[in-house]
């Protein structure tokens, strides 16, 4: 009886004896395994990116964002409902706190794009007016110094806390604490430096931004120093179709974002509906704000990810089935070609188990070879996807093990039938075969 090592050696020799045929046989497995690796890496990258974004927003928060009303050239009668609204204000945040029992904390922030100067260095930053509770709702450890406190808010101090990238750009390797930064036309003293944040931007933001370039100042200082800034559009009145149309200067709202932190037992969707009704009433139904529920976004993202995984799994499965059929086909042809050899082996005392093991091991070696080439193809595919599609891809060890295991399983499943056919051949008839 042949040992396991002898059976494997003979199987490897048989596969190498027909190199081109073996490579063509496993192409389906190669593409199938490559698709599995790519699918799992894209899925894991999307999952990590989503979790980073949700963690930035806070899973149990509700984000209210100021937006520009859709109607810019409405008639005077229609425009009244828009111009009667001042946009998001601090009073909106107070109203939510007073009227909603499910609220744990509320934070109202303003945002201004400014050029930051420190010595000879400069960079564009987002200046965010905050209250002391901001760092509790969006917890980020400080690398140095302290955060904005109640005294800064009351005294409207020109103190600021800068992001990690802003510190590197403006101060380099020097300590930023006590340094002076010019934001727009005003000078501020650095009292703290934030730790490095991830690059995930908030879902509620109008565009992705590097949050390590954010600069935090007291919201009262922001309102005093920067105020409610106008854009370059001037007011004019036109008479069209018998109706006066008013095109007014647009004002930047007092508050750009309100974050509502809910109690742990609150229903996020129900809370969002209540907050929307409150703001609709206060804003005369002007569509100048949006409400985002991170928890709902997470569920939607997970549902989309499941659909993507199902589609990609179906594609990979088809490739693996095609590859498996190719292995079965070539193994059946090999059994037919080697019928006389099988008869000799059986006549010399080889058992059905030995013959089965030999042909099954050949099928597994083919599928394992295809699996290894598939892993390499999957890695190259993820690099191409990451480079050209700008998608995050993350290859994990478990995804590689899973994909390779699938390829081995394909060889076992589709190689078993030809192996059994070889083992069941009658030795006498096999010896007579030409």
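Residue 286 fulfils the conditions (1) in a helix (DSSP H, G or I); (2) assigned by TED's automatic domain parsing to the domain that holds residue 95; (3) crowded, with 18+ Cβ neighbours inside 10 Å except for a single criterion, (1).
Taking the options 407, 387, name whichever one is farther than 19 Å from residue 26 by Cβ and in a helix (DSSP H, G or I). Of the residues listed, the single one that is farther than 19 Å from residue 26 by Cβ and in a helix (DSSP H, G or I) is 387.
Going residue by residue through the range 132-146, is there one that turns out to be out of contact with any helix residue (DSSP H, G or I) (no Cβ under 9 Å at 6 or more places or on another chain), assigned by TED's automatic domain parsing to the domain that holds residue 189 and modelled with pLDDT of 90 or more? Scanning the range 132-146 turns up at least one residue that is out of contact with any helix residue (DSSP H, G or I) (no Cβ under 9 Å at 6 or more places or on another chain), assigned by TED's automatic domain parsing to the domain that holds residue 189 and modelled with pLDDT of 90 or more.
Going by the conditions given, is residue 265 within 18 Å of residue 99 (Cβ to Cβ) and at pLDDT below 85? Step through it out loud before you land on a result.
On the way: within 18 Å of residue 99 (Cβ to Cβ): no; at pLDDT below 85: yes.
For residue 265, the condition - within 18 Å of residue 99 (Cβ to Cβ) and at pLDDT below 85 - is not met.
For the range 347-355, the condition of being modelled with pLDDT of 80 or more and surrounded by 15 or more Cβ atoms within 10 Å (Cβ to Cβ) holds for at least one residue.
Assigned to a helix (DSSP H, G or I) and either closer than 15 Å to residue 35 by Cβ or not assigned by TED's automatic domain parsing to the domain that holds residue 20 (or both), is that true of residue 368? For residue 368, the condition - assigned to a helix (DSSP H, G or I) and either closer than 15 Å to residue 35 by Cβ or not assigned by TED's automatic domain parsing to the domain that holds residue 20 (or both) - is not met.
The values are calculated or read from the model by the stated rules, or taken from the named source; none is laboratory data. All values derive from a computational prediction rather than experimental measurement. For neighbour counting, all protein chains shown are included, and Cβ atoms are generated from backbone atoms with ideal geometry for every residue, glycine included.
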